[in-house]
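A.B. asks: Take a look at the following structure, please.
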Amino acid sequence: MTVTRAEYCVLACAEAWRGDGEVLAAPMGLVPRLGARLARLTFAPDLLLTDGEALLVGADDQTVEGWLPYRRHLALVMGGRRHVMMGASQLDAHGNQNISCIGDWKQPRRQLLGVRGAPVNTLNNPTSYWVPRHSPRVFVERVDMVCGVGYDRAAAAGPSATRFHRIPRVVTDLAVLDFDTPDRTLRVRSLHPGVSAERVREATGFPLAIADGVPATREPTAEELRLIREVLDPAGLREREVRP
Amino acid sequence: MSAEEAVGGIESGMTVGIGGWGSRRKPMALVRALLRTDVRDLTVVSYGGPDVGLLAAAGKVRKLVTAFATLDSIPLEPHFRAARERADFELVELDEAMFLWGLTAAVHRLPFLPIRAGLGSDVMTVNPGLRTVVSPYEDGEELVAVPALRLDVALVHLNRADAQGNGQYLGPDPYFDDLFCEAAEQAYLSCERVVPAAEFLAAAGPQSLLVGRHAVTGVIETPHGAHFTSCAPDYGRDEAFQQAYAKAAADPAAWQAFTRRFLAGDEDTYQAAVAAYAKEGTE
């Protein structure tokens, strides 16, 4: 059976947590959550996961193994033993993220969520992003409000800001991206199978580095595919978050 | 005491902290009582949910201190969104952890607490009054000094309380209700059921006794008082009603009809109207 785009996305999200060890995987959104659970069931068994509320649950997603109400969750963030994958209404080439509002902050054209925990996340624990629709509306030259802090703004704010700052990965419906460049700007790490470099460039609102011969996002193993389809998401909800 | 007596202590211009988180265990009966007063120009301090939405829609908010306003299962609080897009009130937009540090500083009678969060972000830009401090130790780190969030009044809702003001939560998350009470001059605790203190430990261990009577001014028994937000384990969020709220909030005429049907009378009238609405849904 053909691997769907949504399934490549789940796998690419899972890969973001590879090698993280005994830290909380904090996914925002369905596809990142499936990814975190897939990672835990396969190559990252030490990850901690919540039930989406205040409980830490085992690999079966049911057995309660710990308690993590908001106050302890925030302490965990500041202690750094967590890798969060947040959403982004806007994201720029340096990794500055906006989820607060669109337009002038004083009277926004469109009010969104508010800063939430983006400032504390980005300065204290690794923060990756999940963008289900890679488009020039999301990938912009300049975000309207910096909620999650990017590499340039962290550097400008000084050593306290850069000390624990890291953006390991940006996963979208088209590609996997990271900031492993000399000037810490966004580049394509892999293209999902069937997606051309040109398509990603067109969907990005700033010049984007895509090396010749950039690899494809890896194929899932038969076992990974079985877990996604039969154990983690038998109802196929992933296909609603990622359009074909 | 009654919800009316509790909110009778709130005057125009005061700073009111509201417990819970998003659309979870909000003291909605007390918020509804506040809607029925002519109090205005409030500074509201809240991890925002429909409490913020309702007070904003009623024009009672002069200033809002928050990190977000959400209905959880519906990501954007519609009244909050509309009010922001009209620039109806002043916003102090803080990060979730900065907000916690502000409350914690107030509880401990400190002027501020240092935190890494905020550096490099536009939270520093939109709050030009925020200052940084430099660690006096050899690390020399520069950190944000989050000012104390002192409250005139706190409103919180728990599962159980005794008549003296000891409060017990039975759900999985205490949120920050103890901090709201301890950061306030006056704190009003509504609960699902008032019980004798002797019954507390039969329901849960002593660590469930979140709020102490030394930090509480008055107790109000308001069954379903968190409706339509969740109050686990007594009840979950009323998703159908919340959807109706959000739908009505998006349209001025529909909101007028919603207000007439649900918010024109007292709390008993509200709960009866909700019960009638739920019955309609099942017929």
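The values are calculated or read from the model by the stated rules, or taken from the named source; none is laboratory data. Note that the structure is predicted; figures quoted are calculated from it, not measured. Neighbour counts run over all protein chains shown; Cβ positions are idealised from the backbone, glycine included.
A.B. asks: Report whether or not A:Gly158 is within 26 Å of A:Leu76 (Cα to Cα) and surrounded by 21 or more Cβ atoms within 10 Å (Cβ to Cβ).
C.D. replies: no
A.B. asks: Of everything in the stretch A:131-170 that's closer than 30 Å to B:Gly140 by Cα and of a type in the set (Phe, Trp, Tyr), which residue is farthest from the other protein chains (Cβ to nearest Cβ)?
C.D. replies: The residue in question is A:Tyr151.
A.B. asks: Give the stretch B:163-182 a look and list any residue that's in a loop (DSSP other than H, G, I, E, B), within 14 Å of chain A (Cβ to nearest Cβ) and not charged (D, E, K, R), or say none.
C.D. replies: B:Tyr169, B:Leu170, B:Gly171, B:Pro172, B:Pro174, B:Tyr175, B:Phe176
Per-residue answers, yes or no, for (1) under 23 Å from B:Ala3 (Cα atoms); (2) modelled with pLDDT of 95 or more; (3) not in a strand (DSSP E or B):
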| site | (1), (2), (3) |
| --- | --- |
| B:Tyr188 | yes, yes, no |
| B:Leu210 | yes, yes, no |
| B:Val219 | yes, yes, no |
| B:Phe228 | yes, yes, yes |
| B:Phe241 | yes, yes, yes |
| B:Ala244 | no, yes, yes |
| B:Ala253 | no, yes, yes |
| B:Gln256 | no, yes, yes |
| B:Phe262 | yes, yes, yes |
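A.B. asks: I'd like to check something: does the stretch A:34-54 contain any residue that is of a type in the set (Gly, Ala, Ser), surrounded by fewer than 16 Cβ atoms within 10 Å (Cβ to Cβ) and without any contact (Cβ under 8 Å) to a residue 40 or more places away in the chain?
C.D. replies: Yes, some residue in the stretch A:34-54 is of a type in the set (Gly, Ala, Ser), surrounded by fewer than 16 Cβ atoms within 10 Å (Cβ to Cβ) and without any contact (Cβ under 8 Å) to a residue 40 or more places away in the chain.
A.B. asks: If you don't mind, another one. Only one of these is within 21 Å of B:Leu34 (Cα to Cα), more than 7 Å from chain A (Cβ to nearest Cβ), touching a strand residue (DSSP E or B) at 6+ places or on another chain (Cβ under 8 Å) and not in a loop (DSSP other than H, G, I, E, B): B:Leu103, B:Leu91. Name it.
C.D. replies: Selected residue: B:Leu91, the only one of B:Leu103, B:Leu91 that is within 21 Å of B:Leu34 (Cα to Cα), more than 7 Å from chain A (Cβ to nearest Cβ), touching a strand residue (DSSP E or B) at 6+ places or on another chain (Cβ under 8 Å) and not in a loop (DSSP other than H, G, I, E, B).
A.B. asks: So which residues in the stretch B:227-248 are of a type in the set (A, V, I, L, M) and without any contact (Cβ under 8 Å) to a residue 24 or more places away in the chain?
C.D. replies: Within the stretch B:227-248, just B:Ala248 meets the criteria.
A.B. asks: Which numbered condition trips up A:Arg72, out of (1) touching a helix residue (DSSP H, G or I) at 6+ places or on another chain (Cβ under 8 Å); (2) modelled with pLDDT of 95 or more; (3) surrounded by fewer than 18 Cβ atoms within 10 Å (Cβ to Cβ); (4) not polar (S, T, N, Q)?
C.D. replies: A:Arg72 satisfies all of (1) touching a helix residue (DSSP H, G or I) at 6+ places or on another chain (Cβ under 8 Å); (2) modelled with pLDDT of 95 or more; (3) surrounded by fewer than 18 Cβ atoms within 10 Å (Cβ to Cβ); (4) not polar (S, T, N, Q) except (1).
A.B. asks: Mind listing just one residue for me: the one in the stretch A:56-114 that is among the hydroxyl-bearing types (Ser, Thr, Tyr) and facing chain B (nearest Cβ under 10 Å) and, of those, farthest from B:Phe68 (Cα to Cα)?
C.D. replies: Of everything passing the filter in the stretch A:56-114, A:Tyr70 is farthest from B:Phe68 (Cα to Cα).
A.B. asks: Report the residue count in the stretch A:166-182 for those that are within 19 Å of A:Tyr129 (Cβ to Cβ), in a loop (DSSP other than H, G, I, E, B) and free of Cβ contacts under 8 Å to residues at least 40 places away in the same chain.
C.D. replies: Summing the residues that are within 19 Å of A:Tyr129 (Cβ to Cβ), in a loop (DSSP other than H, G, I, E, B) and free of Cβ contacts under 8 Å to residues at least 40 places away in the same chain in the stretch A:166-182 gives 2.
A.B. asks: Which of the residues spanning the stretch A:129-152 are touching a helix residue (DSSP H, G or I) at 6+ places or on another chain (Cβ under 6 Å), more than 22 Å from B:Pro114 (Cα to Cα) and either of a type in the set (Phe, Trp, Tyr) or buried (at least 22 other Cβ atoms within 10 Å of the Cβ) (or both)?
C.D. replies: If the condition is that a residue be touching a helix residue (DSSP H, G or I) at 6+ places or on another chain (Cβ under 6 Å), more than 22 Å from B:Pro114 (Cα to Cα) and either of a type in the set (Phe, Trp, Tyr) or buried (at least 22 other Cβ atoms within 10 Å of the Cβ) (or both), then A:Trp130 is the only one that fits.
A.B. asks: Let me ask you something else. Under 8 Å between Cβ atoms, at least 6 apart or on separate chains: pull out the pairs that start in the stretch B:23-35 with a residue that is in a strand (DSSP E or B) and end on any residue that is modelled with pLDDT of 95 or more.
C.D. replies: B:Arg24/B:Gly49; B:Arg24/B:Asp72; B:Arg24/B:Asp173; B:Arg24/B:Tyr175; B:Arg24/B:Thr229; B:Arg24/B:Ser230; B:Arg24/B:Arg237
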